[in-house]
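As structure tokens, the structure follows; a few thoughts come after it.
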Amino acid sequence: MTKFTVRIQEADFSLEHEYQAVLAGKAEAGAVVSFVGLVRDFNDGRNVTGLKLEHYPGMTEKALNDIVQQASERWQLQAATVIHRVGQLSLAEQIVLVIVTSAHRGDAFDACEFIMDFLKTQAPFWKKETTDNGEFWVVAKSADQDKAKTW
Amino acid sequence: MITVLFFAQLREQLQCDKLQLDDYPQTVAELRAMLGKKSPLWSELLVSDTALAAVNQTISHDQVSLNSGDEVAFFPPVTGG
């Protein structure tokens, strides 16, 4: 039985705290894979000063739970944590955290990448970049769609 | 009655975040067409363009049927992560 944690929050998160929480009381995990996404300092040649992240409350949690559920059906996972921030974020701030634990590294690596690939194409979040020249909605990349289709 | 929500740049372009419709058609495709009659902009963004649709918080294709109490959302391709 996989232990799922999905949270949407404005506040920052601590990788160390979540790492300890996901392993707490479990001795069977042989591998932990984590991914943290950050606000980058430029995109398509514009100087980005920050991001506003909008989401669809309710559907976001549902979509992320569905993605984690699919991952747990494909790989042997003990636990999975997904935390995604919303609201105003500054440069270099953390946006998203995925942690997956499994008996073996192969399942943990694959499941973590799968969750991120589907999060990027299925979960209802939208980024608006704040730049020196104004605010711009980020355009979805076809490469992300192509990557998700490889699973 | 159904509730229709709009998100991100779609909400900004349409200057509308929510509609409540007592009269609604049978499918998502027909809802796009009905809303598209509001103006050329609505038609462009909901009929010609590729706004995604979700019915009751699940991404849905255009032939999904609508029922009273449904929450329908239209939004652009997602860009989280």
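The values are calculated or read from the model by the stated rules, or taken from the named source; none is laboratory data. Model, not experiment: these values are computed from the prediction. Here Cβ is always computed from backbone atoms with ideal geometry, including for glycine, and neighbour counts include all displayed protein chains.
Structure summary
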| read-out | value |
| --- | --- |
| Residue match in the range B:67-81 (condition: part of a strand (DSSP E or B), within 14 Å of chain A (Cβ to nearest Cβ) and of a type in the set (S, T, N, Q)) | no |
| Residue that is closer than 30 Å to B:Asn56 by Cβ and either buried (at least 20 other Cβ atoms within 10 Å of the Cβ) or modelled with pLDDT of 95 or more (or both), where the choices are A:Ala108, A:Ala79, A:Ala31 | A:Ala79 |
| The range B:36-66: number of residues that are assigned to a helix (DSSP H, G or I) and either loosely packed, with under 15 Cβ neighbours inside 10 Å or not aromatic (Phe, Trp, Tyr) (or both) | 9 |
| Inter-residue pairs, beta-carbon under 8 Å, first within 17 Å of A:Ala108 (Cβ to Cβ) and in the range A:62-77, second surrounded by 14 or more Cβ atoms within 10 Å (Cβ to Cβ) and charged (D, E, K, R), 6+ apart | A:Arg74/A:Asp110; A:Trp75/A:Asp107; A:Trp75/A:Asp110; A:Gln76/A:Asp107; A:Leu77/A:Asp107 |
| Of all residues in the range A:78-92 being outside any strand (DSSP E or B) and in contact with an Asp or Glu (Cβ under 7 Å, 6 or more places away or on another chain), the one that is nearest to A:Tyr19 (Cα to Cα) | A:Val86 |
| Lone unmet requirement of (1) within 21 Å of A:Trp126 (Cα to Cα); (2) surrounded by fewer than 17 Cβ atoms within 10 Å (Cβ to Cβ); (3) touching a Leu at 6+ places or on another chain (Cβ under 7 Å); (4) more than 14 Å from chain A (Cβ to nearest Cβ) for B:Lys18 | (4) |
| Yes/no for B:Ala33 being free of Cβ contacts under 8 Å to residues at least 60 places away in the same chain, outside any loop (DSSP other than H, G, I, E, B) and more than 29 Å from A:Gly37 (Cβ to Cβ) | yes |
| Tally, over the range B:38-66, of residues that are out of contact with any helix residue (DSSP H, G or I) (no Cβ under 7 Å at 6 or more places or on another chain), within 12 Å of another protein chain (Cβ to nearest Cβ) and touching a residue at least 24 places away in the same chain (Cβ under 8 Å) | 2 |
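Per-residue answers, yes or no, for (1) away from chain B (no Cβ under 14 Å); (2) assigned to a helix (DSSP H, G or I):
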site	(1), (2)
A:Asp110	yes, yes
A:Met116	no, yes
A:Asp146	no, yes
A:Trp151	yes, no
